[in-house]
Amino acid sequence: MVTMEKIVSLCKRRGFIFPCSEIYGGFANAYDYGPYGVELKNNIKKLWWEKFVHQRQDIIGIDGSILLHPKLWEASGHLTGFNDAMVDCKECKKRFRADHLVKKIAGEDMEGELEEMTKILREKKVRCPDCGASDWTEAKNFNMMFQTEMNGIEDKVYLRPETAGAIFINFKNIIDSMRVKIPFGIAQIGKAFRNEIIAGNFIFRTREFEQMEIEYFINPEAKWESLFDEWLNLQEEFIMEIGAKKENLRKREHPKEKLSHYSKKTVDIEYKYPFGFEELFGLAHRGDFDLSQHSKYSNEKLEYFDAENNKKFTPHVLEPTFGVDRALLVALLSAYNEEEIKGEKRIVLKFPKEIAPIQIAVFPLLRNKPELVKKAKEVYEQLKPEFICEFDDNGNIGKRYRRQDEIGTLMCLTIDFDSLENDDLTVRDRDTMKQERVKIKELIEYLRNKLS
Ligand code: GAP
């Protein structure tokens, strides 16, 4: 079983993900994406956009601002309700999520029930995970929005805690400028910021992260149940396309009594991380809450005109939401393999071909033979416009294979002495490690067939 330690170490060693501000001692459980991490992340986002925007006539994309009008957060309820429960250990002064501590004991979510949480922590003498004491403050609400200031604006300004808000406030622009017909969706990918009480588990919970969200607008009178199931299946399908196995996924429906008053149904898709089943994606039926609230606070009508039935209405919305960083973590966990080859350990990331950060690595067999290096560079130059390639002449060939396996490169191409005679090269497949000779003039066609 892959552990988080193995993933974290490989990510740093091989240039996927680095601790943020490491030369200053690290910062706030945050991470920076390195050269292979950013390729992987871009591929995941590209796959998502392709699946949900380019391949669908009913969904269009936007890219909204991170800093939005402060009134938006009043209307959406984030100012008063976007809270997590915090509790401090009186002994060591460390701060924790009260609901997480209680969940470990009582095994259930207790969002919002502050008094009950305080009671459980004290009566069950829950120990501080840090110092072991059992002396807690009262559980209190903590608003998770990051606040900032803006020249010329008197109100407090916030970094958006989710991308969804920018979609709702562009509803009218989309209706007025595009020829959308209900049901239709608006999609967006972008950064979100939450002042989490505790960030942790690597990139699972950070304070700055990315989301891929869709607001899918439907007729309030339409049957939504089958659409809801369809969206859940699509969310599962997407994570399986980037490598997750079905047996590591499960759906958790939020109990009816814990749903917001406007929501008809909310389901989390959970993944079995090394630290247990936790949320990966979510799907919520949000009724007409968002459009109605923004309409009320902005005095703009946010309605849809159904020309066929000559009727105006405020659409309801289904909200499938995907975390980019959690998807990337799942891609890494799913791809990680350790194999034993002739008594030696091989670590290989078996990413699906659509998301592998590097598709092809080109090597000269020996770096001190200029004729091999020259030919390998020619091949690399030829492939570069079409494929994501890397030229590698560092260390011996065994080391290069090991490095390329660890970053999940799909194919390694080696120019050797026979290549100079026969104008061909060796192609080595990442998963089977089988090698075959391919003529250089047939190479591009060969790679197109293998990689498309
Ligand atoms: N608009 C709905 C919404 O934001 P959410 O469940 O709060 O719903 C959506 O967040 C997704 O964003 C989650 O399913 C998760 O993948 C990701 N996410 C939320 N908080 C995160 C955090 N602190 N770090 C990384 N990803 C996070």
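The values are calculated or read from the model by the stated rules, or taken from the named source; none is laboratory data. Keep in mind it's a predicted model, so treat the numbers as computed, not measured. For neighbour counting, all protein chains shown are included, and Cβ atoms are generated from backbone atoms with ideal geometry for every residue, glycine included. What goes into the accessible areas is simple: the full protein's heavy atoms, side chains included, and nothing from ligands, DNA or RNA. Shrake-Rupley method; radii C 1.70, N 1.55, O 1.52, S 1.80 Å.
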How far, in degrees from 0 to 90, does helix 35-49 lean away from the longest principal axis of the Cα atoms of the chain, to the nearest 10?
-> 60
Expressed in square angstrom to the nearest 10, the accessible area of T148 with a 1.4 Å probe stands at 50
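Starting from 0.36 nm per residue, how many nanometres of slack lie between I153 and K439 once their C-alpha separation is accounted for?
96.5 nm
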Convert each backbone phi in region 269-284 into a coupling constant with the Karplus relation 6.51 cos²θ - 1.76 cosθ + 1.60 (shift: θ = phi - 60°), then list the ³J(HN,Hα) values in order as whole Hz, x for Gly and Pro.
-> 8, 10, 10, 8, 6, x, 9, x, 5, 9, 4, 10, 10, x, 9, 9
On the accessible surface of the chain, probed at 1.4 Å with all protein chains in place, carbon and sulfur together account for a percent value of 47
Ordering M178, M212 by how much accessible area each has at a 1.4 Å probe, largest first, what is the list?
-> M178, M212
Figure the gain on full extension for K399 and D431 (residue separation times 0.36 nm, minus the Cα-Cα span) and round it to one decimal in nm.
-> 9.9 nm
Rounded to the nearest 10 degrees, the helix 114-123 long axis (Cα) sits at an angle to the longest Cα principal axis of the chain of 70
For S177, S134, the accessible-area ranking with a 1.4 Å probe, largest leading, is S177, S134
So, with points 7 Å from each Cα along the Cβ direction, the E123-Y24 label distance in nm works out to 4.6
For K384 paired with L259, estimate the spin-label separation in nm (one decimal), with each label point 7 Å from Cα along the Cα-to-Cβ line.
-> 5.6
Under Karplus coefficients 6.51, -1.76 and 1.60, residue-wise ³J(HN,Hα) of region 341-356 in Hz, glycine/proline x = 10, 6, x, 10, 7, 10, 9, 9, 9, 8, 5, x, 4, 5, 10, 4
Would you mind checking which residues have amide H under 5 Å from I17's amide H? H placed 1.01 Å from N; only 5 or more apart, or other chain.
-> K12, G34
Long-range HN-HN contacts of A133 with modeled amide H, under 5 Å | C128
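Specify whether the C-alpha gyration tensor of region 358-451 places it in the rounded, prolate or oblate class, a ≥ b ≥ c being the square roots of the eigenvalues: rounded for a/c under 1.5, otherwise prolate if a/b is larger than b/c and oblate if not. Mind dumping the intermediate values first?
Details: a/c = 1.40, a/b = 1.06, b/c = 1.32.
Judged from the Cα gyration tensor, region 358-451 comes out rounded (a/c under 1.5).
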So which cysteines in the chain don't have a second cysteine's C-beta under 4.7 Å from them?
-> C11, C20, C389, C412
Any chance you could give the angle, 0 to 90 degrees and rounded to 10, that helix 225-241 forms with the longest Cα principal axis of the chain?
-> 30
Per-residue [θ]222 nm for the chain (sum of -39500 (n - 2.57) over DSSP H runs n ≥ 4, rounded to 500) | -9500 deg cm²/dmol
Could you rank the peptides 427-434, 239-246 by their average count of other C-beta atoms within 10 Å per residue, with the highest value first?
-> 239-246, 427-434
With θ set to phi - 60° and the Karplus curve 6.51 cos²θ - 1.76 cosθ + 1.60, what are the ³J(HN,Hα) couplings of region 324-332 in order, to the nearest whole Hz, using x for Gly and Pro?
-> 5, 5, 5, 4, 5, 5, 5, 4, 5
Contact order normalised by residue count of region 358-451, Cα under 8 Å, 6+ apart, percent | 28
Collect residues whose amide H, placed 1.01 Å from N in the peptide plane, falls under 5 Å from the amide H of F184; neighbours closer than 5 in sequence don't count.
-> F217
L79 label point, 7 Å along Cα→Cβ, cut-off 20 Å on backbone N: hits in region 120-156?
-> 141-156
Provide the per residue accessible area, probe 1.4 Å, for the chain, rounded to a whole number of square angstrom.
-> 51
